[in-house]
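Where a number appears in this text, it was derived from the coordinates with a stated rule and is not lab data. Just so it is clear, the model here is predicted, and its values are computed rather than measured. Quick reminder, even Gly has a Cβ in these numbers, built from the backbone with ideal geometry, and neighbours come from all protein chains shown.
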Amino acid sequence: MSREVAVFRAVFVRHGGKQPTEGRLEYDVPLDRAELGLAAVVKKELHRRGIPPLLWVCSHFAHCWQTADVLAGSDARVVRVSGLTPFSASEGATLRSILNELGRLEVPVQGMDCIGVVGHEERLSNLLNTLHSGPRIPPLERLEAVSVIANSLYDLDRGQGQIECRLKRPTLASRASG
């Protein structure tokens, strides 16, 4: 009798491109309209691969949470956390600090098998690189995604994850064909 091994997965996506910042605080700059469609292509590809997170965590910056909203659609929840927000007290966040923040916000993650993280570079790739022992992952391009798997969330937090796949940034052509 074969026994299925439980797998925990985390999907990291860099936020989409933002509108021009003239006259706005960086915090309030929204996602560029063209990037909305490209984020939807990423969502479709994650679903096609069978790795759609039910929870997306992101920074408080508008273009970041708007990216997470598109990736989540109506299928998942989006939670903004300080640990992913630039200039926050949690600068240089770890997975554990983000999980602790989710606990304080009363967002259950126990029992989930996949979470999504939308963030900013270089914070995103620095966090990603603490979760696996393979070669260092270079900074992600906008709307590029990396999936990391581990036997459990605990193992992922201990740096025992493995890179499952890296999805390159979609193009306008992929949006038209998707």
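Observations on the structure shown:
- Segment Gln160-Asp75, length gained on full extension (0.36 nm per residue, minus Cα span): 27.8 nm
- Relative intensity of region 1-151 on a log10 scale, I(q)/I(0) at q = 0.12 Å⁻¹, equals -0.48, per a Debye sum over C-alpha point scatterers of equal strength in the absence of solvent.
- Relative packing of 96-105, 118-127, which averages over residues the other C-beta atoms within 10 Å, highest first: 118-127, 96-105
- Secondary-structure-derived ellipticity at 222 nm for the chain, considering helices only, amounts to -9000 deg cm²/dmol, per-run term -39500 (n - 2.57) for DSSP H runs with n ≥ 4.
- A Förster radius of 30 Å, combined with the Cβ-Cβ distance separating Thr171 from Ser133, puts the computed FRET efficiency at roughly 0.40.
- Integer Hz, Karplus 6.51/-1.76/1.60 couplings in order for region 117-122, x for Gly and Pro: 10, 10, x, 10, 8, 9
- Annotation: peptides 149-160, 47-58, ranked by per-residue average of other Cβ atoms within 10 Å with the highest first, follow the order 47-58, 149-160.
- Multiplying each eigenvalue of the alpha-carbon gyration tensor of region 1-73 by 5 and taking the square root yields semi-axes of 31, 13, 7 Å, largest first, rounded to whole angstroms.
- Each residue of region 63-78 was assigned a 3J(HN,Hα) from its phi angle through the Karplus curve 6.51 cos²θ - 1.76 cosθ + 1.60 (θ = phi - 60°); the sequence is 5, 6, 5, 5, 4, 4, 4, 5, 5, 6, x, 9, 8, 9, 9, 10 Hz, with glycine and proline shown as x.
- Neighbour-count order for Val13, Val41, Val29, Val107, fewest beta carbons within 10 angstrom listed first: Val107, Val29, Val41, Val13
- Expressed in units of 2.2 N^0.38 Å, where N is the residue count, the Cα radius of gyration of region 95-152 is 1.20.
- Couplings for region 143-159, taken from phi via the Karplus curve 6.51 cos²θ - 1.76 cosθ + 1.60 with θ = phi - 60°, read 6, 7, 10, 10, 9, 10, 10, 8, 5, 7, 4, 4, 5, 4, 4, 8, x Hz in order; Gly and Pro are left as x.
- Sparse-neighbourhood loop sites, GluC sites (Glu not before Pro) in region 6-61 - DSSP loop, at most 13 other Cβ within 10 angstrom: Glu22
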